[in-house]
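Scroll down for the structure; my scribbles are underneath it.
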Amino acid sequence: MKRRTSLNRIATFVAQAAVIGVLLVVWEAMAGGFGLEFKTLDPVFFSRPSLVASDLYSGLLKGEFTRDFLFTIQTSMWGLVLGIISGIMIGFLFAYLPWLNRLFEPLMVAFNSLPRPALAPVLVLILGLGMASKIVLSWSIVFFIVFYNTYAGILSVDPDLLKVAKIMGSNRFQIFRHVIMPSVFSWVFAALRVSVAFALVGAVVGEFVGSTQGLGYQMEAARGVLNSNRVYSILLILMMIGVVLTEISKAIERRLLRWRPPAPGI
Amino acid sequence: MVQSKIRLEHVSASYGNVEDQNVVQVLRDVNLDVREGEFVSIVGPSGCGKSTVLNLAAGLWSPSDGDLSGSINVHHSERKQTIGYVLQKDALFPWRTLIKNVEYPLEIAGMPRRQREELAREWINRVGLSGFEERYPYQLSGGMRQRANIIRVLAYDPEIVLMDEPLGALDAHTRMVLQQQISDLWSASRKTVVFVTHDLEEAILLSTRVILMTKRPATVSASRAIDLPYPRSIMNLKLTPEFRSVYENLWNEFCGLLQ
Ligand SMILES: Nc1ncnc2c1ncn2[C@@H]1O[C@H](COP(=O)(O)OP(=O)(O)O)[C@@H](O)[C@H]1O
Ligand SMILES: [Mg+2]
């Protein structure tokens, strides 16, 4: 049984790699690779896997991505952390003070309905080309995700658990610490993966719109001079960042929410 | 004179408020007096208000629930944890392991870690859950969770124990094992217990007194002492002619009252 599953896993992995391989080969061939004359995809726009790989390789060797990579990571992480902290705090505040919630509800709904990238030009206008405008954009997405999850987490605390805790002599602080907090954190951590992904979206979009640094900025600059190899290289780096961050948040989620039944398979 | 532990006098209660025209009157003129050291079972049709009575005794009624009149007196010492309440649904903390759940009230009481761990283990062992200490509630069967739910309350040794259909959802075998355990624990400690069940047989097997509640709006319509000696062997007691005659008498009487 065990052997079959591990064999299965290897087979799956090989098949998955093959799909990617085939796509890359087709792309390479269609864009005039392998010495082919007939080009369906113009390499000026579509580049070619081999050209992208060599650009990525030489770029990495020369450290041409380092500064922008760090800039993007920093902005998105600041946006993420600030979004989580403020989302939790405001979530608690609004759940505990219903009148405050009622007062701000239309505003919150309006802002949350706003397609956030549309804020980018405004933020760049106000905060300039530096890191601040990107952090705020990234924060503005993460904040609402965490805020709504915190709020829902507090309202959906199991009333029976509250009863039990109360009967067992817990004071208000102990109820908060042992019943409400774990309940809220289970919601917030369940939304961590989405939050992380959107923190990155915020940072990159901000860099597109107006910046002097960052992977988004470098990509935009490369597009301006029709350096398609570089555009695709950066796309690849962003993809990698996304994958790594997602895996890290999955691991955190697994560790912190190990008391939850695993999601049922479909 | 044995002290009265829980006394409800002329208690009427209804859920909801008049404005949303959704008032459900649940209790009407309920009188109930539970004395120290009694094991009282409350039986009655489902939805009649048994859980409501326990909530009232536990002090869990809040004015926003609806209207309440009459007087409720619960006598206990100054200690913080004097009431134990085993809820109908097992309300284990999903983020705590079995042992950490049992330890929770002990932690609140300020018992040192070593001591509370030892005590929790003792109780876990007593109901046959050893080996499952580090499991989370979702990893336990319904019967195991319900056992944990019960021992979490008994472990902190409350003066008054309220149990709301604690064995309702269990299979016949587990149920009998737990009935025996509850009976043994009670005859050793002689705590004051109020035990809600919809099973008359279970009520007689465990209790010193059985109380019948009628349909909603409910009131207490009968209260009968069960004069069977302790300690009781649940399995054997069921087969004795004494038990059968008590059971038949109460059954006939209660059926008459519920008409
Ligand atoms: N929080 C509540 N709000 C409104 N109605 C309730 C509430 N709790 C219980 N009820 C109603 O009160 C009646 C008695 O409930 P309950 O005490 O739980 O009965 P039992 O435990 O005997 O089954 C039921 O009809 C139920 O629908
Ligand atoms: Mg009930």
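Just one of the listed residues (A:28, A:37) is closer than 26 Å to residue A:222 by Cβ and outside the structural domain of residue A:224 (by TED's automatic domain parsing), namely A:28. The C-beta contact set for the stretch B:156-185 (first residue more than 14 Å from residue B:127 (Cα to Cα) and without any contact (Cβ under 8 Å) to a residue 12 or more places away in the chain, second residue open to solvent by 50 Å² or more (accessible area, probe 1.4 Å) and within 16 Å of ligand 1 (Cβ to nearest atom), distance under 9 angstrom, 6+ apart or interchain) is empty. Summed over the stretch B:150-169, the residues that are part of a loop (DSSP other than H, G, I, E, B), over 19 Å from residue B:112 (Cα atoms) and more than 16 Å from ligand 2 (Cβ to nearest atom) give a count of 1. For residue B:22, the stated conditions do not hold, so it cannot be described as without any contact (Cβ under 8 Å) to a residue 12 or more places away in the chain, near ligand 1 (Cβ under 10 Å from one of its atoms) and not in a loop (DSSP other than H, G, I, E, B).
Within the stretch B:55-71, which residues are surrounded by fewer than 22 Cβ atoms within 10 Å (Cβ to Cβ) and within 16 Å of ligand 2 (Cβ to nearest atom)?
Result: B:55, B:58, B:60, B:61, B:65.
In the stretch B:145-165, what count of residues is obtained for those that are more than 16 Å from ligand 1 (Cβ to nearest atom) and open to solvent by less than 30 Å² (accessible area, probe 1.4 Å)? Residues that pass the stated criteria total 13. Count of the stretch B:113-149 residues, restricted to those that are assigned to a helix (DSSP H, G or I) and among the β-branched types (Val, Ile, Thr), is 1. Looking across the stretch B:48-105, not a single residue is closer than 21 Å to residue B:143 by Cβ, polar (S, T, N, Q) and free of Cβ contacts under 8 Å to residues at least 12 places away in the same chain. Annotation: of all residues in the stretch B:44-85 being modelled with pLDDT under 85 and assigned to a helix (DSSP H, G or I), the one that is nearest to ligand 1 (Cβ to nearest atom) is B:65.
With respect to being in a helix (DSSP H, G or I) and either more than 14 Å from chain A (Cβ to nearest Cβ) or within 16 Å of ligand 2 (Cβ to nearest atom) (or both), residue B:257 fits the description.
This table checks each residue for (1) more than 24 Å from residue A:178 (Cα to Cα); (2) in the same structural domain as residue A:177 (by TED's automatic domain parsing); (3) under 23 Å from the mean Cα position of the chain (by Cα); (4) touching a residue at least 60 places away in the same chain (Cβ under 8 Å).
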site	(1), (2), (3), (4)
A:88	no, yes, yes, yes
A:101	yes, yes, no, no
A:107	yes, yes, no, no
A:138	yes, yes, yes, yes
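When each of A:201, A:188, A:179 is tested for being closer than 27 Å to residue A:57 by Cα, modelled with pLDDT of 90 or more, in the same structural domain as residue A:96 (by TED's automatic domain parsing) and crowded, with 17+ Cβ neighbours inside 10 Å, the lone residue that passes is A:201.
Applying the criterion of at least 2 residues that are touching a residue at least 40 places away in the same chain (Cβ under 8 Å) and among the β-branched types (Val, Ile, Thr) to the helices (runs of 4 or more DSSP H) found wholly in the stretch A:159-266 leaves A:181-190, A:192-209, A:228-256.
Being over 14 Å from the mean Cα position of the chain (by Cα), closer than 30 Å to residue B:33 by Cα and open to solvent by less than 50 Å² (accessible area, probe 1.4 Å) is the requirement here; does residue B:190 meet it? Give the steps one after another, and end with the answer.
Details: over 14 Å from the mean Cα position of the chain (by Cα): yes; closer than 30 Å to residue B:33 by Cα: yes; open to solvent by less than 50 Å² (accessible area, probe 1.4 Å): no.
Judged against the criteria, residue B:190 is not a match.
Of all residues in the stretch B:215-254, those that are β-branched (Val, Ile, Thr), under 30 Å from residue B:25 (Cα atoms) and either open to solvent by 50 Å² or more (accessible area, probe 1.4 Å) or not in a strand (DSSP E or B) (or both) total 1. When each of B:41, B:4, B:12 is tested for being more than 10 Å from ligand 1 (Cβ to nearest atom), touching a Phe, Trp or Tyr at 6+ places or on another chain (Cβ under 6 Å) and in contact (Cβ under 8 Å) with a residue 12 or more places away in the chain, the lone residue that passes is B:41. Within the stretch B:18-34, the residues that satisfy the criterion of being more than 18 Å from residue B:53 (Cβ to Cβ) and either surrounded by 14 or more Cβ atoms within 10 Å (Cβ to Cβ) or not polar (S, T, N, Q) (or both) are B:18, B:19, B:20, B:23. Candidates are the residues of the stretch A:214-266 that are within 14 Å of chain B (Cβ to nearest Cβ) and hydrophobic (A, V, I, L, M, F, W, C); the one that is farthest from residue B:93 (Cα to Cα) is A:263. Only one of these is touching a residue at least 12 places away in the same chain (Cβ under 8 Å), under 23 Å from residue A:187 (Cβ atoms) and open to solvent by 70 Å² or more (accessible area, probe 1.4 Å): A:82, A:93. Name it. Of the residues listed, the single one that is touching a residue at least 12 places away in the same chain (Cβ under 8 Å), under 23 Å from residue A:187 (Cβ atoms) and open to solvent by 70 Å² or more (accessible area, probe 1.4 Å) is A:82.
Scan the stretch B:7-54 for residues that are among the charged types (D, E, K, R) and within 12 Å of ligand 2 (Cβ to nearest atom) and jot them down. The answer is B:50, and nothing else.
The values are calculated or read from the model by the stated rules, or taken from the named source; none is laboratory data. None of the values given here were measured: they were computed from a predicted structure. Here the Cβ is made from the backbone with ideal geometry for all residues, glycine too, and neighbour counts use every protein chain on show. Note: areas computed on protein heavy atoms with side chains; ligands, DNA, RNA excluded. Shrake-Rupley method; radii C 1.70, N 1.55, O 1.52, S 1.80 Å.
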